[in-house]
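> Got a structure for you, written out below as C-alpha cells; questions coming shortly.
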Amino acid sequence: MRILLIASSLLLIAAAPRMAGPTDENLRAADSEQMRIIVDGDAKAQQEFMHPNYIVSSPANRVMAKAQVVAMLAKGEIGSDNFNRRIERTAITGPVGIVMGDETVVPSPESELGRLHPGKTLHRRFTNVFLWEGGKWRFLARQASIVSP
C-alpha cells in the first residue's frame with residue numbers, strides 16, 4: 001500500500017504543470033507580441049505589457065516614459081504602413097532578456113515619424129529589454145535608432 005501511495009504521489013508531481021521560466025522561445029514570443037501591439041495600435045495591451053518603469057530612447061530622438069508612449073499609441077502617433085523586424089541576437093541573464101537586431105519601417109503619414117520622415121522607408125537598429133516577473137516577460141526598455149541602409 002505504501003509503495004502504491006509513493007508511486008501515485010510521484011506520478012502526480014510529474015504530471016503537475018510547471019511554471020516555465022525565462023527561455024529564448026518565450027522571450028522571442030514576448031518580442032513578437034511587442035511588435036504586434038505596435039502594428040495593431042493596441043494601447044490597452046501596451047499598457048498591460050509594459051513594466052511600470054518602462055523607458056525608451058525613441059527613433060525620433062526623444063527619451064520617454066510609459067505614460068507618454070501609451071498615450072502616443074492611443075492617438076495614432078506611433079504607427080506604420082509596413083514594419084519588419086529581424087532579430088540578430090537574444091540573451092537572458094537572470095530575469096533580464098535582451099533582444100537586438102534591425103527593423104525596416106514605413107511610418108504612417110499621421111505618425112510622429114511619418115511627419116518627420118514623410119514617404120521614407122526607415123532602417124533602424126534596436127534593443128528591446130524585458131524583465132521576467134510574475135511568470136511572464138514585461139517590456140522594460142527600448143532603444144531604436146534610425147541608421148543609413
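The values are calculated or read from the model by the stated rules, or taken from the named source; none is laboratory data. Keep in mind that what you see is a predicted model, and the values were worked out from it rather than measured. Positions of Cβ are generated from backbone atoms using ideal geometry, with glycine treated the same way; all protein chains shown enter the neighbour counts.
> Given the residues L73, L113, L140, which is the only one that is over 30 Å from E25 (Cβ atoms) and not polar (S, T, N, Q)?
Values: L73 fails: over 30 Å from E25 (Cβ atoms); L140 fails: over 30 Å from E25 (Cβ atoms).
Result of the check over L73, L113, L140: L113.
> If you don't mind, there's one more thing I want to ask. Exactly one condition in (1) at pLDDT below 95; (2) of a type in the set (A, V, I, L, M); (3) under 26 Å from P22 (Cα atoms) is not met by I78; state its number.
Among (1) at pLDDT below 95; (2) of a type in the set (A, V, I, L, M); (3) under 26 Å from P22 (Cα atoms), I78 violates only (3).
> Now for a separate question. Does the stretch 46-57 hold any residues that are in contact with an Asp or Glu (Cβ under 8 Å, 6 or more places away or on another chain) and either surrounded by fewer than 18 Cβ atoms within 10 Å (Cβ to Cβ) or not in a helix (DSSP H, G or I) (or both), and which are they?
Taking the stretch 46-57 and keeping what is in contact with an Asp or Glu (Cβ under 8 Å, 6 or more places away or on another chain), we get 49, 51.
H51, the sole residue that qualifies.
> Identify all residues within the stretch 130-149 that are of a type outside the set (A, V, I, L, M) and either closer than 14 Å to Y54 by Cβ or assigned to a strand (DSSP E or B) (or both); write none if there are none.
Filtering the stretch 130-149 down to residues of a type outside the set (A, V, I, L, M) leaves 130, 132-139, 142-143, 145, 148-149.
Scanning the stretch 130-149 gives F130, W132, E133, K136, W137, R138, F139, R142, Q143, S145.
> Turning to a different aspect of this structure: Quick one: which of V56, V63, V70 is modelled with pLDDT of 95 or more and over 14 Å from the mean Cα position of the chain (by Cα)?
Values: V56 fails: over 14 Å from the mean Cα position of the chain (by Cα); V70 fails: over 14 Å from the mean Cα position of the chain (by Cα).
Just one listed residue meets the conditions, V63.
> Please identify the pairs in which a residue from the stretch 30-50 that is within 17 Å of E103 (Cα to Cα) has its Cβ atom under 7 Å from the Cβ atom of a residue that is assigned to a loop (DSSP other than H, G, I, E, B), counting only partners at least 6 apart or on another chain.
I38/I78
> Turning to a different aspect of this structure: Whether any residue in the stretch 86-96 is touching a helix residue (DSSP H, G or I) at 6+ places or on another chain (Cβ under 6 Å), within 15 Å of D31 (Cα to Cα) and of a type in the set (G, A, S) is what I want to check.
So far as the stretch 86-96 goes, no, none of its residues is touching a helix residue (DSSP H, G or I) at 6+ places or on another chain (Cβ under 6 Å), within 15 Å of D31 (Cα to Cα) and of a type in the set (G, A, S).
> Something else about it: In the stretch 62-99, which residues are β-branched (V, I, T) and in contact (Cβ under 8 Å) with a residue 12 or more places away in the chain?
Initial filter on the stretch 62-99 (β-branched (V, I, T)): 63, 69-70, 78, 87, 90, 92-93, 96, 98-99.
If the condition is that a residue be β-branched (V, I, T) and in contact (Cβ under 8 Å) with a residue 12 or more places away in the chain, then V69, V70, I78, I87, T90, I92, V96, I98, V99 are the ones that fit.
> Name every residue in the stretch 16-34 that is out of contact with any Gly (no Cβ under 8 Å at 6 or more places or on another chain), modelled with pLDDT under 95 and not small (G, A, S), in order of residue number.
Answer for the stretch 16-34, where residues must be out of contact with any Gly (no Cβ under 8 Å at 6 or more places or on another chain), modelled with pLDDT under 95 and not small (G, A, S): P17, R18.
> Test T104 against the stated conditions and say whether it is of a type in the set (S, T, N, Q) and either more than 23 Å from R138 (Cα to Cα) or in contact with a helix residue (DSSP H, G or I) (Cβ under 6 Å, 6 or more places away or on another chain) (or both). Reasoning before the result, please.
Values: of a type in the set (S, T, N, Q): yes; either more than 23 Å from R138 (Cα to Cα) or in contact with a helix residue (DSSP H, G or I) (Cβ under 6 Å, 6 or more places away or on another chain) (or both): yes.
So T104 passes the test.
> Moving on to the next point. Give the residue that is surrounded by the fewest Cβ atoms within 10 Å (Cβ to Cβ), with candidates limited to residues of the stretch 95-116 that are acidic (D, E) and assigned to a strand (DSSP E or B). Give the derivation first.
Quick first cut of the stretch 95-116, residues acidic (D, E) only: 102-103, 110, 112.
Pick out the ones that are also assigned to a strand (DSSP E or B) and you get 102-103.
Working: D102: 16, E103: 20.
Per the criteria, the residue is D102.
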